[in-house]
Amino acid sequence: MKIIVVILVLAAAGYWGYRHRYIKPEWFGAGTAATPGNAPAESLEQTLNRGLPRMVSNDLSADRAVANNLLVTFNYRFVDLDQYAVAQRYGSTLPAEMQGTLFRDLCGNRAVREQVLARGRDVVLQIRAQDGRTMFTTQLRPGGC
């Protein structure tokens with residue numbers, strides 16, 4: 001009976017990790033295997049999402065990037081603060097030191113510098129509370145690094 005419970009707990013943990021993108025199917029050989037000669041080029045969105053989610057500061061996590069032909073958006077999240085706590089702590093405007101931290105984070109990313117900003121595209125940053133509500137929005141323009 002203990003073995004069945006252990007297997008069920010491990011299966012639930014594995015499913016949770018897969019759903020939250022901590023476990024990737026490619027690690028186990030799932031998906032299409034491409035040889036280096038005919039490997040498809042990685043899309044901009046895949047390149048920008050490599051290494052995400054990750055912590056940017058004690059309060060912020062970079063969760064994902066969305067890119068299409070017109071717009072590149074990075075979604076950041078307050079890890080421990082809901083909308084009321086964010087409003088109480090920071091008010092209604094994005095603090096300059098937090099904006100500087102976010103811009104340094106993006107400017108430190110080679111893909112953002114070379115594939116987005118160098119081509120004249122703006123980057124929109126959306127900072128959300130823990131409960132998913134957008135609290136702040138700002139923009140990084142080419143030449144802003």
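The values are calculated or read from the model by the stated rules, or taken from the named source; none is laboratory data. Everything numeric in this text was worked out from a predicted model, so none of it was measured. Virtual Cβ from ideal backbone geometry, glycine too; neighbours counted across all protein chains shown. These area figures cover heavy atoms from the full protein model, side chains too; ligands, DNA and RNA do not enter into them. Shrake-Rupley method; radii C 1.70, N 1.55, O 1.52, S 1.80 Å.
The C-beta contact set for segment 91-102 (first residue over 12 Å from Met135 (Cα atoms), second residue hydroxyl-bearing (Ser, Thr, Tyr), distance under 6 angstrom, 6+ apart or interchain) comprises Gln99/Thr138; Thr101/Ser57. The set of residues in segment 89-105 that are surrounded by 11 or more Cβ atoms within 10 Å (Cβ to Cβ) and under 21 Å from Gly144 (Cα atoms) comprises Leu94, Pro95, Met98, Gln99, Thr101, Leu102, Phe103, Arg104, Asp105.
With respect to being more than 14 Å from Asp63 (Cα to Cα), aromatic (Phe, Trp, Tyr) and not in a helix (DSSP H, G or I), Phe136 fits the description.
Is it true that Gly108 is open to solvent by 40 Å² or more (accessible area, probe 1.4 Å) and on the phi > 0 side of the Ramachandran plot? Taking the combined requirement at face value, the residue does not satisfy it.
Of all the criteria given as (1) of a type outside the set (Gly, Ala, Ser); (2) open to solvent by 70 Å² or more (accessible area, probe 1.4 Å); (3) in a helix (DSSP H, G or I), the one not satisfied by Val86 is (2). Tell me, yes or no, whether segment 35-57 has at least one residue that is more than 27 Å from Gly14 (Cα to Cα) and either at pLDDT 90 or above or part of a strand (DSSP E or B) (or both). Within segment 35-57, one or more residues are more than 27 Å from Gly14 (Cα to Cα) and either at pLDDT 90 or above or part of a strand (DSSP E or B) (or both). The set of residues from segment 102-129 being of a type outside the set (A, V, I, L, M, F, W, C) and more than 14 Å from the chain's Cα centre (by Cα) comprises Arg104, Gly108, Arg110, Arg113, Glu114, Gln115, Arg119, Gly120, Arg121, Asp122.
This table checks each residue for (1) assigned to a helix (DSSP H, G or I); (2) under 30 Å from Glu26 (Cα atoms).
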position	(1), (2)
Ser61	no, yes
Val66	no, yes
Arg77	no, yes
Ser92	no, no
Leu106	yes, yes
Ala111	yes, yes
Arg121	no, no
Gln126	no, yes
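A single entry from Asn69, Asn75 fulfils the requirement of being open to solvent by less than 50 Å² (accessible area, probe 1.4 Å) and under 17 Å from Gln46 (Cα atoms): Asn75.
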